[in-house]
1. At a probe radius of 1.4 Å, what is the per-residue accessible area of Phe177, in Å² to the nearest 10?
2. Which value, in Å² and to the nearest 10, is the accessible area of Arg314 when all protein chains are kept and the probe is 1.4 Å?
3. Round to the nearest 0.05 the FRET efficiency obtained for Gln305 and Glu246 when R0 = 30 Å and r is the Cβ-Cβ distance.
4. Would you list Glu159, Glu362 from the most to the least accessible area, probe 1.4 Å?
5. Hey, which of these cross-link pairs are over 28 Å Cα-Cα: Lys88/Lys120; Lys88/Lys242; Lys442/Lys462; Lys88/Lys254; Lys529/Lys551?
6. Pull up all non-local amide H partners of His271: gap of 5 or more, or a different chain, and H-to-H distance under 5 Å with H placed in the peptide plane.
7. Taking all protein chains together and a probe of 1.4 Å, list Asp44, Asp301, Asp71 from the most accessible to the least accessible.
8. When the Karplus curve 6.51 cos²θ - 1.76 cosθ + 1.60 is applied with θ = phi - 60°, which whole-Hz ³J(HN,Hα) does each residue of the range 89-97 get, with x for Gly and Pro?
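The values are calculated or read from the model by the stated rules, or taken from the named source; none is laboratory data. Since this is a predicted model, take the numbers as computed values, not measurements. Cβ sites come from the backbone with ideal geometry, for glycine too, and all protein chains shown count toward neighbours. Accessible surface is based on the protein model in full, side chains and every heavy atom, while ligands, DNA and RNA are left aside. Shrake-Rupley method; radii C 1.70, N 1.55, O 1.52, S 1.80 Å.
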Amino acid sequence: MFKRKAVLFSAITATVLSLAACSASMKANPVSAPPPQNDYSDYDLISRIDGSTATIPLSEAALDAYMGGHDGLTHNTTPWAYRNLINKACDIAFCTYPSEDERELAARKGIELEIIPVVKEALVFLNNAENPVENLTHAQLLEVYTGNLTDWAGLGGAEGAIIPYQRPVNSGSQTLFLKLVMGETPPMEPPGAFVRGEMADLIDAVAVYDNAENALGYSMFYYVSDMYSYSNIRLLSVDGVKPTRESIAAGEYKFVTHYYAVIRGDTPEDHPAREFLRWMLSGEGQRVAQNTGYVTLAPMDAPAQPVMYPGATRENTAASNGTGGTERRAASAGSSQSASHYDFINRVNGKWEAETRFPNEETKQAVSGWIDEIYAQHTDAPGLNSGWDIMYNLISVWIDCRLPDNTRSVHTAVFNAETGKKLALSDLFFDGVNYIRYINEKIPEALERGDPRWFGEDPLIKRRFTGYPNDFENFFLQENTLCFQPDDHDPFLGDLSTQFGLFWIDIPLPMALSPYGGVSYQFEKRTNKQGIPFAVPVIAGSLADETINAKIQALAEKLTQEAFINPDPYHYYEPVILIQDDKLSVVHEGFDLEEYPRVDVSVITGEDVEPVDVSRLVGRNPEPVDFLPGDW
C-alpha cells in the first residue's frame with residue numbers, strides 16, 4: 001500500500017539554511033515562526049503525509065514526538081507519493097530525489113516543488129556473502145550495468161555470470177541509480193527477470209534465490225541495514241570505502257544522497273506542513289531521526305539511542321533466569337496432547353460454543369477467568385477472535401481484538417492444565433537459563449527467514465529488532481515452538497491491522513533449555529521453480545545425523561522442482577515438526593502441486609529413516625496430523 005511520485009524543484013539552498021537554523025524549541029517558541037495568516041484548526045497533518053517505504057519509520061517517529069502519535073499515516077511508495085503531492089492529495093512527501101518522469105509531470109501540472117533534505121542516505125550495492133568480491137570501483141559498476149562486463153572473474157571473483165538486478169523505472173532507488181551511478185551513460189535494458197518490483201524482492205534475490213551467489217543488486221542503506229536484510233548479505237565497498245553511518249555522515253562513501261521532504265512551492269509559510277518541517281530540521285527533530293537509525297544532516301553531540309520495546313531496557317533484554325525447575329515435564333520430546341483430551345472449546349461473542357470439559361475446577365476457573373477479564377476490557381471491540389492449543393498439559397490461549405479505531409490488541413496466556421497456574425515466560429525454561437538472551441538472538445533469525453509482508457502487501461519489518469524484555473507476556477506454545485504474538489504497538493513491525501489473520505513469530509524451544517522443549521532445528525530457505533519460498537529444517541542435537549538431514553534435503557529437492565497451483569507469493573511455507581518416542585515427522589502441509597493436492601510427511605524411527613510421501617486427492621485444505629501413521 002505504498003506509492004510514490006516526484007516533482008520538479010530548482011535548488012532551495014536558502015530555504016534549507018533558514019529551516020535548519022530553527023531551534024529545537026520550535027513548538028514552544030512561536031516567535032520564531034511567521035505570524036499566523038490562515039485558519040488551520042481543522043487541518044489533519046497525519047493524513048496529508050505520504051512517502052516511500054524506507055521513510056516510514058522516520059515519519060512515524062517524528063509524528064510520535066511532534067504530535068504524540070501517528071494513527072492514520074500511510075506511505076504509498078515513492079511514485080505514488082509524488083503523484084499524490086502533485087495532485088494535491090497530500091502536502092508532504094518523504095522520498096528520494098524525483099525522477100525525470102516525475103519532474104516532467106510536475107511541470108505539466110504547473111507545480112513547482114521545494115525539495116528539502118531532512119536526513120542523509122546512500123545508495124548501496126550488495127552481493128551474497130558466499131561471493132568473494134568485497135569491493136567494486138565506480139568504473140566497474142558502469143561496465144557491469146552497460147553489459148560490457150558479464151563475469152565475476154573479471155571483478156576478482158570466481159567464474160560465473162553476473163546477475164545484475166535493477167529496480168523499475170521511477171522507483172526511488174532506480175532514480176538514484178541512474179543519477180548517482182550511471183550519470184549520462186544509459187544502462188543496458190535488463191531482462192524482465194532481472195527487474196525486481198519491490199526492494200525486498202531484490203534483496204531476496206541476492207540472499208536466497210537460486211544462483212544468489214552470482215547476484216548483484218542495490219538498495220537504500222537504511223532499508224537494507226535496519227528494515228530488511230539477511231545475515232548473508234554483504235554491503236560492497238565502492239572505490240575502497242565501505243558504506244557505514246560514519247562514512248555516509250562524513251561524505252566519504254561514493255553515492256551519498258538524502259531523503260527529502262518535498263512540498264509544493266506555493267505552500268504558505270504559516271502552513272502546518274512547514275511548521276512540522278521546521279521542527280524536523282531542528283535539533284530536537286534531528287535527534288529523533290538519529291535515534292530512529294537515520295544519518296542526520298550534521299553530526300550530533302551524543303550517540304543515538306536505539307528504539308526499544310515499551311518497558312525494555314538494555315538490562316532486561318539481555319539478562320534473565322529461568323524458573324521452570326530442573327526436570328523435564330514432557331513424557332516425550334516434542335509430543336503434543338490431543339486437543340480433544342480436554343474438549344477445550346473456543347469462545348464466540350463472549351460465550352462458550354459448547355459445554356467445555358476441563359481436567360479440574362481450578363483450571364476451569366483460571367482459564368475462564370482470564371478470558372472473561374480480557375473480554376471485559378474490550379466490550380466495544382467490533383471483532384474478537386480466540387484460539388487455543390494444548391501441548392505437554394499446557395493450555396495456550398490467544399485472543400485477537402480488533403478495536404474501534406481499527407488497531408489490534410492481542411492477548412495470550414499459557415496455563416498448566418493440571419493446576420491452573422498461569423505461566424510466566426521464565427517458567428518455560430530450566431532454572432538459571434538466560435532465556436531472554438536465547439530468545440532475542442533467535443527472533444531476528446525468525447524474522448529474516450519469514451516473509452516481511454505476511455498476508456498483506458504492506459512491509460512488515462520496519463526497524464531493526466533490539467529485543468523483547470524478559471517479562472514479555474504475549475507468548476504461547478504450538479507444536480514444539482515458542483511463539484510470540486506482537487500487536488500494533490510493536491515498534492519493530494509494521495501496522496498489523498492491515499494483515500489478514502493472526503501473525504506471530506516462532507522460534508524453536510530446545511530440550512537443552514526447556515522442560516517442555518523438543519528437538520532443536522533451524523530452517524533453511526528454498527524456493528520452488530516458480531520462486532515461491534518454503535522452509536527446510538536442519539535437525540540438530542540428539543536426533544541429528546547426516547542420514548536424517550540427507551533425507552529431509554532429498555524431500556526438499558523434490559519440492560523445488562514442483563509447481564504450486566494458485567501459489568501465494570506472500571506465503572512462506574513452513575513445515576510442522578513433530579517428535580514422539582524417537583520418531584521425527586517433518587510435515588510440509590498444504591502444497592497444492594501441479595497434479596493434485598499433496599502433503600509430504602517424512603517419518604524417522606530410531607536409526608531408520610522412513611520417508612512417507614502421502615499423495616491423495618482431498619476436497620479441502622488438509623491437516624498434517626490427518627496423514628501421520630496410525631500408531632501416532
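1. 0
2. Probe radius 1.4 Å; accessible area of Arg314 about 150 Å².
3. After rounding, the FRET efficiency stands at 0.95.
4. Ranked from most to least accessible, the order is Glu159, Glu362.
5. Correct reply: Lys88/Lys242; Lys88/Lys254.
6. Amide H neighbours of His271, under 5 Å, 5+ apart: none.
7. Asp301, Asp71, Asp44
8. Karplus values, whole Hz, x for Gly and Pro: 8, 8, 10, 9, 10, 8, 8, 7, 5.
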